[in-house]
Amino acid sequence: MDFALSDEERAIRDTVRTFVTREVMPLEAEVLRRERAHQPGLDRSELRELQLKAKKFGFWGLATPEEYGGMALPAVMQSLIWTELGRSFVPFRFGGEADNILFHATEEQKREFLIPTIEGERISCFAITEPGAGSDAANIKLRARRDGDEWVLDGEKTFITNGNDADFAIVVAVTDPEKGARRGGATAFLVDRAMGWRSEFIQTMGEGGPASLIFDGVRVPHRNILGEIGQGFTLGMEWIGKGRYTIPSHAIGIAERVLQMAIDHANTRETFGAPIGTNQAIQWMIADSETELEAARWLILRSAWTVDQGLDPRHASSMGKLYGAGMVNRVVDRVLQIHGGMGYTRELPIERWYRQVRLYRIFEGTDEMQRLIISRDLLRGYTKIGGHLA
Ligand SMILES: Cc1cc2nc3c(=O)[nH]c(=O)nc-3n(C[C@H](O)[C@H](O)[C@H](O)COP(=O)(O)OP(=O)(O)OC[C@H]3O[C@@H](n4cnc5c(N)ncnc54)[C@H](O)[C@@H]3O)c2cc1C
């Protein structure tokens, strides 16, 4: 058994770490200042400029196939990179990426949607959630009715990341209510904003925010169906599957950064004539955080490794998402506690992380949904205790 990184993995990881330290972290003070003034931390042109700088470093399209100019990195490598990005709260991600399901596009759709998204010329969003269907995504109601060579979309999507900025939406709609979404009754459509949907920003406890998308008789050409008619739910689950290891990988980076802040603070802040780190109460918070962080790291790397091995990653990635999201919430909470009153202020970014990571237990499958998947797999015998070692 070998828990070491390969030379290549270490080199790539270290290059990303250098980029984040030199180019991303110096922006943190300004990002905080802007967010405190209710402005976006980075605007679109600044993000693009940083992404182009990263491209010169060699980072462009982590998951994108080489034929589209990407790096096509294995999932373990992507996980290690997402961890590095998690070390800064600056809303930066590498460019050259597109939603994984856009690769199901036809050649014509690729020219219109996929390639401009990879190039950063167009912004996409993915919309399955509705006011009446979140965890129970198969219960969606947004209806698409065929009218000659067009489909007419009516209904509402909600909580859509990038929904207010997107140029087009990948919308999962009901095309055959009798079949039900799970059994071929839902279809994915590529819908330009110019076709007539509108978005409404939703304020959340986090920075930025998702949006509701409103479809009121929006006409979409038949050629804008993504994949096959009836494949919408399957594509939706494929889209969500990607986040099951990237989100907790990001969480590890956050936990690493804030835990180091807590250690530094524990060694320097003095009460009763001694650093607070000399108290067992503080030591135990640090010890528990480090232990949980390491447990999460290996669970999540294993789930990414499962993807690379071509094994079914769902069980492992549900455990990684569940544990990683919980871990980062517990760690940030303890780190805030270790910083005392200062942890609660807006002078430090800890309260920002505290608000940000709360989302990780909700989106792309709540804690409860992950537990449902994990237990169902075991109860129905789809998987064995012990995973690939069993
Ligand atoms: C900031 C943000 C960004 C998002 N981005 C996107 C996006 O880009 N695209 C998109 O389509 N969606 C997006 N979502 C939606 C997100 O995926 C849903 O909010 C999530 O799946 C939960 O659905 P819900 O909010 O309807 O909660 P509900 O499904 O109503 O659940 C409410 C509570 O009940 C629990 N629960 C539900 N059913 C069960 C059960 N059977 N057993 C036990 N407990 C249960 C849930 O776990 C939860 O705690 C986003 C959400 C947020 C907040």
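All of the numbers you see were taken from the coordinates with simple rules; none came from a lab. Model, not experiment: these values are computed from the prediction. Positions of Cβ are backbone-derived with ideal geometry, glycine not excepted, and every protein chain shown enters the neighbour counts.
Treat the count of other C-beta atoms within 10 Å as a stand-in for reagent exposure and order Y68, Y360 from fewest to most. Spell out each step's value before the answer.
Numbers: Y68 16, Y360 22.
With the sparsest Cβ surroundings first, the list reads Y68, Y360.
Taking neighbour counts of Cβ atoms within 10 Å as a proxy for exposure, in what order, fewest first, do M319, M261 appear? Walk me through the numbers on the way to the answer.
Numbers: M319 23, M261 17.
With the sparsest Cβ surroundings first, the list reads M261, M319.
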Item to complete: Report ³J(HN,Hα) in whole Hz for each residue of the range 195-209, in order, from the Karplus equation J = 6.51 cos²θ - 1.76 cosθ + 1.60 where θ = phi - 60°; Gly and Pro get x.
Response: 6, x, 7, 10, 10, 10, 4, 10, 6, 10, 6, x, 7, x, x
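Run the numbers on the chain and let me know its relative contact order in percent, using alpha-carbon pairs under 8 Å that are six or more apart. Each step should come with its number before you reach the end.
Numbers: 653 pairs, mean separation 51.9, N = 390.
Worked out over the chain, it gives 13 percent.
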Item to complete: Would you give the gap between the C-alpha center of the range 111-184 and the C-alpha center of the range 246-277, rounded to a whole Å?
Response: 41 Å
Response to the item:
Between R143 and R358, Cβ-based FRET efficiency (R0 45 Å, step 0.05) works out to 0.85
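So if I place +1 on the C-beta of Lys and Arg and -1 on the C-beta of Asp and Glu, and nothing else carries charge, what would the dipole magnitude of the range 43-126 be about its Cα centre? I want it in debye, nearest 20. Working shown, then result.
Numbers: 10 positive and 13 negative charges, 66 e Å.
It works out to roughly 320 debye.
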Worksheet item: Taking amide H positions as placed 1.01 Å from N in the peptide plane, with prolines and chain starts having none, which residues 5 or more places from T106, or on another chain, fall under 5 Å of its amide H?
Response: G227
Worksheet item: How large is Rg/Rh for the chain, to two decimals, with Cα atoms and a Kirkwood Rh?
Response: 0.98
Practice prompt. Show the residues, 5+ positions off or on another chain, whose built amide H is closer than 5 Å to the amide H of F159.
Written response: A211, S212
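About the Cα centre, and with charges only on the beta carbon of Lys, Arg (+1) and Asp, Glu (-1), how big is the dipole of the range 195-279? Nearest 20 debye, please.
On the way: 7 positive and 8 negative charges, 51 e Å.
About 240 debye.
What translational diffusion coefficient, to the nearest whole µm²/s, does the range 289-390 have by Stokes-Einstein, given a Kirkwood radius computed over alpha-carbon pairs, a temperature of 20 °C and 1.002 mPa s viscosity? Before the final figure, lay out each step's value.
Values: Rh = 14.9 Å.
Answer from the Stokes-Einstein relation: 144 µm²/s.
Quick check: from the Cα gyration tensor, does the range 198-257 come out rounded (a/c under 1.5), prolate or oblate? Walk me through the intermediate numbers first.
Values: a/c = 4.32, a/b = 1.48, b/c = 2.92.
Judged from the Cα gyration tensor, the range 198-257 comes out oblate (a/c at least 1.5, b/c at or above a/b).
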Worksheet item: When Rg is the radius of gyration of the Cα atoms in the range 83-242 and Rh is its Kirkwood radius, what does Rg/Rh come to?
Response: 0.96
Discussion item. Percent of Cα-Cα pairs more than 20 Å apart in the range 1-135, please.
Written reply: 54 percent
Fill in: For the range 262-279, 3J(HN,Hα) per residue [Karplus equation, 6.51 cos²θ - 1.76 cosθ + 1.60, θ = phi - 60°, Hz, x = Gly/Pro]
5, 5, 4, 5, 5, 7, 10, 6, 10, 9, 6, x, 8, x, 4, x, 7, 8
Discussion item. Under 5 Å between amide hydrogens, which residues at least 5 positions from Q231 or on another chain qualify, with H placed 1.01 Å from N in the peptide plane?
Written reply: A188
Practice prompt. Return the whole-Å distance between the Cα centroid of the range 292-365 and the Cα centroid of the range 23-64.
Written response: 22 Å
Practice prompt. Using DSSP, restrict attention to beta bridges with both residues in the chain and report what percent are antiparallel, rounded to the nearest 5.
Written response: 85 percent
Worksheet item: Dipole of the chain, Cα-centred, from +1 at each Lys and Arg C-beta and -1 at each Asp and Glu C-beta, to the nearest 20 debye?
Response: 620 debye
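Could you tell me the ratio Rg/Rh of the range 47-96? Both radii from Cα atoms, Rh via Kirkwood.
Details: Rg = 10.7 Å, Rh = 11.1 Å.
Reported Rg/Rh (Cα atoms, Kirkwood Rh): 0.96.
At 0.36 nm per residue, minus the direct Cα-Cα distance, what do R44 and E290 gain on full extension? Give it in nm, one decimal, please.
Values: separation 246, 0.36 × 246 = 88.56 nm, distance 3.56 nm.
Length gained between R44 and E290: 85.0 nm.
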Worksheet item: Hey, rough spin-label estimate for E108 and E121, points 7 angstrom out along Cα→Cβ, what's it come to in nanometres?
Response: 1.9 nm
Worksheet, complete the sentence: Kirkwood Rh for the range 175-313 from C-alpha pairs, in Å, is 19.9 Å
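Given axes a ≥ b ≥ c from the Cα gyration tensor, I'd like to know whether the range 122-185 is rounded (a/c under 1.5), prolate (a/b larger than b/c) or oblate. Before the final figure, lay out the partial values.
On the way: a/c = 2.31, a/b = 1.25, b/c = 1.85.
Cα axes put the range 122-185 in the oblate bin.
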Worksheet entry | Phi-based couplings in Hz for the range 284-296 (Karplus 6.51, -1.76, 1.60; Gly and Pro marked x) | 5, 5, 5, 5, 5, 5, 5, 5, 5, 4, 5, 4, 5
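Mind sorting W239, W197, W284 by how few other Cβ atoms lie within 10 Å of their own Cβ, fewest first? Could the numbers behind the result be given before it?
Values: W239 19, W197 23, W284 11.
Listed from fewest to most nearby Cβ atoms, that is W284, W239, W197.
Given Cα pairs under 8 Å that are at least 6 residues apart, what percent is the relative contact order of the range 185-324? Each step should come with its number before you reach the end.
On the way: 134 pairs, mean separation 30.6, N = 140.
Taking the mean separation of contacting Cα pairs over the length of the range 185-324, I get 22 percent.
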Practice prompt. For the range 147-249, report the translational diffusion coefficient in µm²/s to the nearest whole number, using Stokes-Einstein at 25 °C, 0.890 mPa s, and a Kirkwood Rh over Cα pairs.
Written response: 169 µm²/s
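Per residue, how big is the convex hull of the range 87-155 when only Cα atoms are used? Give it in Å³. Before the final figure, lay out each step's value.
Numbers: hull volume 10.6 nm³, N = 69.
Normalising the Cα hull of the range 87-155 by residue number yields 154 Å³.
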